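Nothing in this text is a laboratory measurement; each read-out follows from the coordinates by a stated rule. The structure displayed is predicted, hence computed values, not measured ones. Here Cβ is always computed from backbone atoms with ideal geometry, including for glycine, and neighbour counts include all displayed protein chains.
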Amino acid sequence: MRFELPTLPGAQARALSLLASRDVDFAEVSHLVETDPALTAAMLRAANSAASAPVSPVSTVKQALVRVGSDQTRRIVSAAVMGSTFTGLQRAGLDARELWRHVVACALLADATAWGGVSGSAAFTGGLLHDLGRLAMAHQMPARYAEVVRLIHEGLEPSWAEARVLGLDHMEAGVAVAHAWQIPDEIVEAIADHHGGDAGALGWLTLNARRIAWSVGIGDGLLCPGEASFDPLSEDAEVLATFGGPERFIETVDWHCDMLSPEPRRAA
């Protein structure tokens, strides 16, 4: 079965690639955001949200960037690119809201735990894009991916179910999309290795982020971890404490997800 690679508008493709690099030119990011309505809307929503404690509303991208800061701009714009590209995921049988929560949670956690030669920008982007293949397949072939979901719910391992129905798994699909979008090689490595974590530091960070997200009760849109257990003695407590604890971390994830759509708290 042929897999049609999704395309990105030029401004979004450039923004995503730029934000994954170590030396981000935020003047260029601002210009790119200004040329794309979806990215502009996401930045203005974030800057004017209650979490940004606005004294007065802002109406331009430059004002929004100053208000939310460079780190939040990187996160919001990257997530908005994904949210505007992959829509209608519920038609593929996925829990769309939970899948978005999953990739956002992994991005935030990978960023928070980045170490050594891995930059926070790369870690966030790796976490955000690690399920790029699943998003692309579900978006491009919803009826076929619904069959994958059925097999998974019957007990088949997700990657096996994808390969059986579609001829490739979400890691292979994600690598193909990432190459087409000219995503940096270290991000592609994380996409390919997020279930193994042994090919490089970024793959390990993404794998670890997935584990922590699961431990606080955030599923992946396919399977649910069940009731979360917030153990203060957990080895992950220190990581979650950087967000203000598990509950505050979940609030942060949900806030970022709400920036993906002008209609908060609704499935895609």
Binned at 10 Å from zero, the C-alpha pair distances of the stretch 8-85 give percents of 21, 57, 21, 1
The base-10 log of I(q)/I(0) that the Debye equation returns for the stretch 92-213 at q = 0.18, 0.21 Å⁻¹, one scatterer per C-alpha, is -0.89, -1.15
Rounded to whole angstrom, the alpha-carbon centroid of the stretch 19-40 lies from that of the stretch 111-150 at a distance of 21 Å
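Out of every Cα-Cα pair in the chain, what percent are more than 31 Å apart? Walk me through the numbers before you get to the answer.
Details: 7300 of 35778 pairs.
Summing the P(r) of the chain above 31 Å gives 20 percent of all pairs.
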The stretch 54-93, Kirkwood Rh and Cα Rg, ratio Rg/Rh at 1.17
Fewest-first ordering of 189, 4 by Cβ atoms within 10 Å yields 4, 189
